[in-house]
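The values are calculated or read from the model by the stated rules, or taken from the named source; none is laboratory data. All values derive from a computational prediction rather than experimental measurement. Every residue, glycine as well, gets a Cβ built from its backbone with ideal geometry; the counts of neighbours run over all protein chains shown.
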């Protein structure tokens, strides 16, 4: 029982990292209707910036994370402007391939700047481990902060999209780009804002990911990125609560699958989930079914 | 414009003449290993260690050696490219490759083409299996696995052993299998055998929990140092502190940038080389290495240093010159390697016809961020 609980805690910890990454995928997909496969690599950049800020420039953790958010926000907007905006009228396949290209570009650029040697990411979270049930169940500071960060981000984003003018503009663009434009909404600015928010979240995700799993290399973001994409599809891509639910469930499935079924097949469970969801409920757990208008 | 092009071309020609000139009076040794990528610590250590040996030998004034270092990024395909490059550059023999997977690929090519290979550190038996032209400076994986089990048993490090290995890696599986075999033979109780499937794996909570819940007091890690660093960090977060016992792949963990060395406190690893040894050979090597590269050399650097001296000895005995082509050199070296005995940094070595080395294993423990020989 205790070991089941601790696997559950580990699953939630892993899942909440997936959830934060999945949020970025989901938001961008919801508004720009494109899969930003470079998202995982923006996470990696965020982690490297934080690493440099704490290790080389000696900045305190909070400032480092803010610096990483700033850099990633700018990076996200620049990527959108340079790589995706010119293709807004192109087929979705062209945009998808551009995104994959951007992902490789970021990985190779990181290898050029920071070298290919892995770095050990010093945790920016100093919260002590919480010990429950007489020390049998341990919850690390990283897990608590990650879960907490998830909840806060989720609440703030939900309020932002439902209450603020910008948020409402986002939802309008996501509903119907053409109609939104006719209503006087600046579609380009709204999409840029989405990328800015998504990339700032990526920086936070990068810091949380590397605090929990402290190996940092240019490919750090790619596997979690793909799994988070799976989580986003699982929860219903485009839906903010869907990303949270999808991420958490996926993390728990991965860890429990590894613990009780087969240790080698951890990754296979994750992608089996993707296949099953696509077969049974293509819109995901919380996704809305949108009828194609003919 | 034309003049500039002509000048550049003339410069290039002049430079290429120099390149030929230096190649002509030294015996060329190709060095292949990961100079970039996740395993770069190993490749650069080999290149640096070999360079120190070459500088020493060249300073003696007799036979002159020259290294041609090529990067394989720890990738089989790129290993073949690097192999073709060193041969194109006129290599007469190869010191390498450094890591197992590319080495298996390159060794197969080298066997066909008759190029002599001495790998400092690729430890799988697959590297030498069925190939008379490939020799190893390091222990084979089976030897490492069996020696680790023997060491844990002899020194009574623990009564219950857990294992975390990478079943996606030939290197890790090879060591794991002989460890298990030897452990059975010695009645060493193995309570948890856990695996992961890729070098990129980040979450080890399940594997650590399995070892912890089964009460393992020694955890054997026949894996590379990047996943090992994650295991150490995650074990600490669940307050699990057994003796972690690694093999040569663990070597390099202390050079991982940003790594909290406290995590590695008490970690043991099987290695034939310990930089704090008091003999003159080690002191000389460590001193020169530190001066040239600013860090303490690891086992890979020592293996490469010994490898160059083994080649040097064999070259001397067989009378290989800069005129000898690689195929001729290959047959001469194969015959000679089985006869020579090298007293090197990693012990006194002799070789069997299979290419396998014989030397005594020792272990080091990490104390205050440095390797200390186990008394």
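For region B:169-188, indicate whether the set of residues that are under 28 Å from residue A:13 (Cα atoms), part of a loop (DSSP other than H, G, I, E, B), within 14 Å of another protein chain (Cβ to nearest Cβ) and in contact (Cβ under 8 Å) with a residue 24 or more places away in the chain is non-empty.
For region B:169-188, residues under 28 Å from residue A:13 (Cα atoms), part of a loop (DSSP other than H, G, I, E, B), within 14 Å of another protein chain (Cβ to nearest Cβ) and in contact (Cβ under 8 Å) with a residue 24 or more places away in the chain: present.
Taking region B:245-257, which residues are crowded, with 24+ Cβ neighbours inside 10 Å and more than 10 Å from chain A (Cβ to nearest Cβ)?
The answer is B:245, B:246, B:247, B:248, B:249, B:250, B:251.
Checking the structure you have, find out if any residue of region B:198-217 is at pLDDT 85 or above and under 24 Å from the mean Cα position of the chain (by Cα).
No, the conditions are met nowhere in region B:198-217.
Quick check on region A:27-37. Is at least one of its residues surrounded by 24 or more Cβ atoms within 10 Å (Cβ to Cβ), within 14 Å of another protein chain (Cβ to nearest Cβ), farther than 13 Å from residue A:240 by Cβ and touching a helix residue (DSSP H, G or I) at 6+ places or on another chain (Cβ under 6 Å)? Step through it out loud before you land on a result.
Taking region A:27-37 as the starting set, the residues that turn out to be surrounded by 24 or more Cβ atoms within 10 Å (Cβ to Cβ) are A:27-28, A:31-32, A:36.
After this cut, where a residue has to be within 14 Å of another protein chain (Cβ to nearest Cβ) as well, the list is none.
No: region A:27-37 contains no residue that is surrounded by 24 or more Cβ atoms within 10 Å (Cβ to Cβ), within 14 Å of another protein chain (Cβ to nearest Cβ), farther than 13 Å from residue A:240 by Cβ and touching a helix residue (DSSP H, G or I) at 6+ places or on another chain (Cβ under 6 Å).
Take residue A:108 and tell me if it is within 14 Å of another protein chain (Cβ to nearest Cβ), out of contact with any strand residue (DSSP E or B) (no Cβ under 7 Å at 6 or more places or on another chain) and crowded, with 21+ Cβ neighbours inside 10 Å. Let's see the steps before the verdict.
Working: within 14 Å of another protein chain (Cβ to nearest Cβ): yes; out of contact with any strand residue (DSSP E or B) (no Cβ under 7 Å at 6 or more places or on another chain): yes; crowded, with 21+ Cβ neighbours inside 10 Å: no.
So residue A:108 fails the test.
Does residue B:43 satisfy the condition of being within 14 Å of chain A (Cβ to nearest Cβ) and either surrounded by fewer than 24 Cβ atoms within 10 Å (Cβ to Cβ) or assigned to a helix (DSSP H, G or I) (or both)?
Values: within 14 Å of chain A (Cβ to nearest Cβ): yes; either surrounded by fewer than 24 Cβ atoms within 10 Å (Cβ to Cβ) or assigned to a helix (DSSP H, G or I) (or both): yes.
Yes: the conditions hold for residue B:43.
Output the number of residues of region A:53-76 satisfying the condition of being touching a helix residue (DSSP H, G or I) at 6+ places or on another chain (Cβ under 7 Å) and outside any helix (DSSP H, G or I).
1
Take the residues in region B:258-276 that are in contact with a strand residue (DSSP E or B) (Cβ under 8 Å, 6 or more places away or on another chain) and at the interface with chain A (Cβ under 9 Å from one of its Cβ atoms); name whichever of them is nearest to residue B:122 (Cα to Cα).
B:259
Pick out the one residue from B:346, B:354 that is modelled with pLDDT under 90 and touching a helix residue (DSSP H, G or I) at 6+ places or on another chain (Cβ under 8 Å). If you could, list the steps in order and put the result at the bottom.
On the way: B:354 fails: modelled with pLDDT under 90.
Just a single option satisfies the conditions, and that option is B:346.
From the set of residues in region A:128-142 that are more than 7 Å from chain B (Cβ to nearest Cβ), touching a residue at least 12 places away in the same chain (Cβ under 8 Å) and on the phi < 0 side of the Ramachandran plot, which is surrounded by the fewest Cβ atoms within 10 Å (Cβ to Cβ)?
In the first step, residues of region A:128-142 are kept if they are more than 7 Å from chain B (Cβ to nearest Cβ); the result is A:128, A:130-137, A:139, A:141-142.
Applying the additional criterion that residues be touching a residue at least 12 places away in the same chain (Cβ under 8 Å) yields A:128, A:130, A:133, A:136-137, A:139, A:141-142.
If we keep only those that are on the phi < 0 side of the Ramachandran plot too, we end up with A:128, A:130, A:136-137, A:139, A:141-142.
Details: A:128: 9, A:130: 13, A:136: 12, A:137: 17, A:139: 21, A:141: 17, A:142: 25.
Selected residue: A:128.
Checking residue B:308 against (1) within 14 Å of another protein chain (Cβ to nearest Cβ); (2) in contact with a helix residue (DSSP H, G or I) (Cβ under 7 Å, 6 or more places away or on another chain), only one condition comes out false. Which one?
(1)
Taking the options A:125, A:79, A:97, A:113, name whichever one is in a helix (DSSP H, G or I) and within 14 Å of chain B (Cβ to nearest Cβ).
Step by step, each of A:125, A:79, A:97, A:113 is checked, and only A:113 is in a helix (DSSP H, G or I) and within 14 Å of chain B (Cβ to nearest Cβ).
Taking the conditions exactly as written (modelled with pLDDT under 90, touching a helix residue (DSSP H, G or I) at 6+ places or on another chain (Cβ under 7 Å), surrounded by fewer than 23 Cβ atoms within 10 Å (Cβ to Cβ) and in the same structural domain as residue B:57 (by TED's automatic domain parsing)), does residue B:295 satisfy them or not? Walk me through it before giving the result.
Values: modelled with pLDDT under 90: yes; touching a helix residue (DSSP H, G or I) at 6+ places or on another chain (Cβ under 7 Å): yes; surrounded by fewer than 23 Cβ atoms within 10 Å (Cβ to Cβ): yes; in the same structural domain as residue B:57 (by TED's automatic domain parsing): yes.
Yes, satisfied.
Could you list, in sequence order, the residues of region A:77-113 that are over 21 Å from the mean Cα position of the chain (by Cα) and under 22 Å from residue A:46 (Cα atoms)?
A:82, A:111, A:112, A:113
Test each condition in (1) surrounded by 24 or more Cβ atoms within 10 Å (Cβ to Cβ); (2) within 11 Å of chain A (Cβ to nearest Cβ); (3) closer than 18 Å to residue B:205 by Cα for residue B:240 and report the one that comes out false.
That leaves (1) as the condition not met.
Take residue B:302 and tell me if it is in contact (Cβ under 8 Å) with a residue 40 or more places away in the chain and surrounded by fewer than 15 Cβ atoms within 10 Å (Cβ to Cβ). Lay out the reasoning, then the answer.
Values: in contact (Cβ under 8 Å) with a residue 40 or more places away in the chain: yes; surrounded by fewer than 15 Cβ atoms within 10 Å (Cβ to Cβ): no.
Taking the combined requirement at face value, the residue does not satisfy it.
Residue B:146 is checked against (1) within 14 Å of another protein chain (Cβ to nearest Cβ); (2) crowded, with 20+ Cβ neighbours inside 10 Å and fails just one. What number does that condition carry?
Unmet condition: (1).
Name the residues in region B:277-292 that are surrounded by 14 or more Cβ atoms within 10 Å (Cβ to Cβ) and within 15 Å of residue B:372 (Cβ to Cβ), would you?
Within region B:277-292, the subset surrounded by 14 or more Cβ atoms within 10 Å (Cβ to Cβ) is B:277, B:281-282, B:285-286, B:288-289.
The answer is B:277, B:282, B:286.
Inside region B:323-346, can you point out the residues that are farther than 13 Å from residue B:306 by Cα and surrounded by fewer than 17 Cβ atoms within 10 Å (Cβ to Cβ)?
The answer is B:323, B:325, B:327, B:328, B:331, B:335, B:338, B:339.
Please tell me if residue B:192 is modelled with pLDDT of 90 or more, more than 19 Å from residue B:123 (Cα to Cα), more than 10 Å from every other protein chain (Cβ to nearest Cβ) and buried (at least 23 other Cβ atoms within 10 Å of the Cβ).
Numbers: modelled with pLDDT of 90 or more: yes; more than 19 Å from residue B:123 (Cα to Cα): yes; more than 10 Å from every other protein chain (Cβ to nearest Cβ): yes; buried (at least 23 other Cβ atoms within 10 Å of the Cβ): no.
Spelling it out, it is not the case that residue B:192 is modelled with pLDDT of 90 or more, more than 19 Å from residue B:123 (Cα to Cα), more than 10 Å from every other protein chain (Cβ to nearest Cβ) and buried (at least 23 other Cβ atoms within 10 Å of the Cβ).
Scanning region A:143-154 for residues that are touching a helix residue (DSSP H, G or I) at 6+ places or on another chain (Cβ under 8 Å) and either modelled with pLDDT under 85 or more than 10 Å from chain B (Cβ to nearest Cβ) (or both), which turns out surrounded by the fewest Cβ atoms within 10 Å (Cβ to Cβ)?
Here is the first cut: in region A:143-154, the residues touching a helix residue (DSSP H, G or I) at 6+ places or on another chain (Cβ under 8 Å) are A:143, A:145-147, A:149-150, A:153-154.
Checking the rest, the ones that are also either modelled with pLDDT under 85 or more than 10 Å from chain B (Cβ to nearest Cβ) (or both) come to A:145-147, A:149-150, A:153-154.
Details: A:145: 20, A:146: 27, A:147: 20, A:149: 20, A:150: 25, A:153: 21, A:154: 17.
Selected residue: A:154.
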